[in-house]
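The structure appears below as structure tokens.
The values are calculated or read from the model by the stated rules, or taken from the named source; none is laboratory data. Because the structure is a prediction, the values reported are computed rather than measured. Backbone-built Cβ (ideal geometry, glycine too); neighbour counts: all protein chains shown. Remember, those area values only see protein heavy atoms, side chains included, never the ligands or the DNA or RNA. Shrake-Rupley method; radii C 1.70, N 1.55, O 1.52, S 1.80 Å.
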Amino acid sequence: MINKDYEKPLFWIGSSLNDLKDCPDEVQDFVGYALHWAQRGGKSPDAKPLQGFGNAGVIEIVDDFDGNTYRAVYTVRFPKAVYALHVFQKKSRKGIATPK
């Protein structure tokens, strides 16, 4: 449920804010929108639990833009804040092969 009257603070861990700023503007908007949902107690339709973390409240946002894939990982596990943990561009494995 989204709470329009209360917004949890958002804390950026490590280089996550700078990493987001290095992304294209469209990706920054996409991730920012999802984090805003989380701050109000909701979940963006594009957010999904990160596999391998069980029920730890670790959420992943994936955005495909201009032939590249960008990911943002955040947690809502703590009741009084949202923590942006990691933002990065997924490196393509296409075309990568072990030399013979």
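Please give, to one decimal in nm, the separation of the simple spin-label points placed at VAL62 and LYS21, each 7 Å out from Cα toward the Cβ.
Modelled inter-label distance: 2.9 nm.
Where nothing but the Cβ of Lys and Arg (+1) and of Asp and Glu (-1) is charged, how large is the charge dipole of the chain around its Cα centre, in debye to the nearest 20?
My answer is approximately 520 debye.
For LEU10 paired with ASN55, estimate the spin-label separation in nm (one decimal), with each label point 7 Å from Cα along the Cα-to-Cβ line.
Here the modelled spin labels are 2.8 nm apart.
In a solvent-free Debye calculation with one equal scatterer on each Cα, what is log10 I(q)/I(0) for region 1-52 at q = 0.14, 0.18, 0.19, 0.31 Å⁻¹, listed in the order of the q values?
-0.42, -0.68, -0.75, -1.17
If you build the Cα gyration tensor of region 34-93 and take the root of 5 times each eigenvalue, what three semi-axes come out, in whole angstrom, biggest first?
21, 13, 9
At a 1.4 Å probe, what is the % contribution of carbon and sulfur to the accessible area of the chain?
C and S atoms contribute 52 percent here.
Provide the net charge surrounding GLN51, with neighbours chosen by a C-beta distance below 13 Å and charges set as Lys +1, Arg +1, Asp -1, Glu -1.
Neighbour charge sum, excluding GLN51 itself: +1.
Please compute the per residue accessible area over the chain with all protein chains in place, 1.4 Å probe, rounded to a whole number of Å².
I get 70 Å² per residue for this part.
Please report, to two decimal places, log10 I(q)/I(0) for the chain at q = 0.16 Å⁻¹ as given by the Debye formula with identical point scatterers on the Cα atoms and no solvent.
Debye curve over Cα of the chain, log10 I(q)/I(0) at q = 0.16 Å⁻¹: -0.68.
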